[in-house]
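Only one structure is covered here, and it is reproduced in the block below.
The values are calculated or read from the model by the stated rules, or taken from the named source; none is laboratory data. Since we're looking at a predicted model, the values are computed, not measured. Glycine gets a Cβ as well: all are built from the backbone with ideal geometry, and neighbour counts include every protein chain shown.
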Number of protein chains: 2
Amino acid sequence: MRVEVLATAGTPVLPYLEDKLVIVIDVLRATSTMVTALANGCQAIIPVLTLEEALKKRLEIPGALLGGERRAMQIEGFDMGNSPFDYAPEKVGGKRVIMTTTNGTRAIRAAAEAKAVWMACFLNLDSIVEAIYRLKQRVLLEGIVIFCAGTEDRFDLPDTLCAGMIIEELGSDLQLNDLGEAARVLYKIAKPNLMEAIEQSDHGQRLLELGFKKDVIYCATANILPIVPALVNGEVIWQIEGR
Amino acid sequence: MRVEVLATAGTPVLPYLEDKLVIVIDVLRATSTMVTALANGCQAIIPVLTLEEALKKRLEIPGALLGGERRAMQIEGFDMGNSPFDYAPEKVGGKRVIMTTTNGTRAIRAAAEAKAVWMACFLNLDSIVEAIYRLKQRVLLEGIVIFCAGTEDRFDLPDTLCAGMIIEELGSDLQLNDLGEAARVLYKIAKPNLMEAIEQSDHGQRLLELGFKKDVIYCATANILPIVPALVNGEVIWQIEGR
């Protein structure tokens, strides 16, 4: 199977996404936060690109909450920031959340034309890999694109390590692009000290400086939430079985 | 010293390039070809973005040659393609070459606002590292940005390995960004089989398919041309001493 890894939300993706499964990764923190929100009973996350779009969308969806960040901090007037700990069950249970982040929601929107779009992070990594195996048994999968959101159009090590872990778990019978090969090697080297590698990364360091150490440690924790979020009709929902 | 590596010509670079040394890398093949052309007596290479700009520029510079590629192939009506072997002494000696390539010349133009812009590849790697050491002794260098051209806005392994080799030769007292750290690790792993890694890369494979095996082997050869090309007033020239 062909597996391509893309480095940033700005990477051009069309037209070749058609008939492919896209897996969006934004470890720090958008996809980690989405997975957590869904685990906590959030009904759906609606990714939008701008503040204006978020506010407009809220008018259309009564009762929806607003979440997201700019420069890692909660947006003024929003209900939640981009920390997974903002999305507690008592806050998001049964609610829909309109969300805008600098990198993650951009990547999701850029991938929206693909056959299927799933959100991955360390928290749900095994469930993503299992869902890929199940999907492969049911449909002819032309290829997988692992779409790292990156950080402000830059290569992001936590996203790349997460991609590398997915690739390692998918086994050896893969055709990888350059970044896929790099991700595989980088993950293998970082594996014994994964938490440290994520903390030491540019984005990890920035979050630590801003007081989000708890977020970084949580987002670097593998396989605690058995959820495969999928983009369906513009909304990220908990999809029990990969389509 | 702070060393940042950027993955593609599309990576946003301003305003932070001011007061920094930018090293542009496009191993396959733009910077390798530029270094070769200058070694063969070419007076200057003028990087331009479009065919239109190239043709317009030629009207302004009598006797200039046109070089470059689209999809790795020579552009119709141009004097040379993007193969270093097109730039033989009898062809480019004493001439100026107007050049447009998909990735390399874009990266050079994107970096043009920096304090200094040098072109690197495996061919001139040691000379680049030595020139950095000399520059550090003369001026206070705020940081180095290693600007990998990438391949059509994608991460490119040969460029990243070349960046990793520069980083390794610069020693251990460096502050690296995520991609700098990744390049360092990837180079260390690939070092014993560098030629093979470059041949196996996406861009390497594409060039092999197109019959450019000789180019790939040549561009993967380290330290045969002691040249430090610099961008000065919009032209890439052989600068004997780093400014």
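Which one of these is out of contact with any Asp or Glu (no Cβ under 8 Å at 6 or more places or on another chain), within 17 Å of A:ASN82 (Cα to Cα) and within 13 Å of another protein chain (Cβ to nearest Cβ): A:GLY211, A:GLY204?
Checking each option against the conditions leaves just A:GLY204.
Those residues that are assigned to a helix (DSSP H, G or I) and either among the polar types (S, T, N, Q) or surrounded by 16 or more Cβ atoms within 10 Å (Cβ to Cβ) (or both), I need them from segment A:169-184; list them, please.
Within segment A:169-184, A:LEU170, A:ASP178, A:LEU179, A:GLY180, A:GLU181, A:ALA182, A:ALA183, A:ARG184 meet the criteria.
Does segment B:103-159 hold any residues that are assigned to a loop (DSSP other than H, G, I, E, B), crowded, with 17+ Cβ neighbours inside 10 Å and charged (D, E, K, R), and which are they?
Correct list: B:ASP153, B:ASP156.
Where residues in segment B:158-183 are free of Cβ contacts under 8 Å to residues at least 60 places away in the same chain and in contact with an Asp or Glu (Cβ under 8 Å, 6 or more places away or on another chain), which of them is farthest from the other protein chains (Cβ to nearest Cβ)?
Checked segment B:158-183; the qualifying residue farthest from the other protein chains (Cβ to nearest Cβ) is B:GLU169.
Only one of these conditions is not met by B:MET1: (1) out of contact with any helix residue (DSSP H, G or I) (no Cβ under 7 Å at 6 or more places or on another chain); (2) closer than 25 Å to B:ASN124 by Cβ; (3) surrounded by fewer than 19 Cβ atoms within 10 Å (Cβ to Cβ); (4) modelled with pLDDT of 95 or more. Which number is it?
Result: B:MET1 passes all but (4).
Among the residues of segment B:33-47, are any within 14 Å of chain A (Cβ to nearest Cβ), touching a Gly at 6+ places or on another chain (Cβ under 9 Å), under 17 Å from B:PHE147 (Cβ atoms) and not β-branched (Val, Ile, Thr)?
The answer is no, given that none of the residues of segment B:33-47 is within 14 Å of chain A (Cβ to nearest Cβ), touching a Gly at 6+ places or on another chain (Cβ under 9 Å), under 17 Å from B:PHE147 (Cβ atoms) and not β-branched (Val, Ile, Thr).
Can you name the residue in segment A:91-102 that is of a type outside the set (Ser, Thr, Tyr) and assigned to a strand (DSSP E or B) and, of all such residues, is nearest to A:ILE75 (Cα to Cα)?
Of everything passing the filter in segment A:91-102, A:MET99 is nearest to A:ILE75 (Cα to Cα).
Among what's in segment A:57-80 and is exposed (fewer than 12 other Cβ atoms within 10 Å of the Cβ) and assigned to a loop (DSSP other than H, G, I, E, B), pick the residue that is nearest to the chain's Cα centre (by Cα).
A:ARG71
Which condition number does A:LEU123 fail, the rest of (1) away from every other protein chain (no Cβ under 13 Å); (2) of a type outside the set (Ser, Thr, Tyr); (3) without any contact (Cβ under 8 Å) to a residue 12 or more places away in the chain being met?
(3)
How many residues, within segment B:27-56, are under 23 Å from B:ILE224 (Cα atoms) and in a helix (DSSP H, G or I)?
10
For segment A:81-90, give me each residue that is out of contact with any Lys or Arg (no Cβ under 8 Å at 6 or more places or on another chain), under 24 Å from A:CYS148 (Cβ atoms) and in a loop (DSSP other than H, G, I, E, B).
Answer for segment A:81-90, where residues must be out of contact with any Lys or Arg (no Cβ under 8 Å at 6 or more places or on another chain), under 24 Å from A:CYS148 (Cβ atoms) and in a loop (DSSP other than H, G, I, E, B): A:GLY81, A:TYR87.
For segment A:1-24, what are the residues that are among the β-branched types (Val, Ile, Thr), within 23 Å of B:LEU6 (Cβ to Cβ) and within 14 Å of chain B (Cβ to nearest Cβ)?
Result: A:VAL5, A:THR8, A:THR11, A:VAL13.
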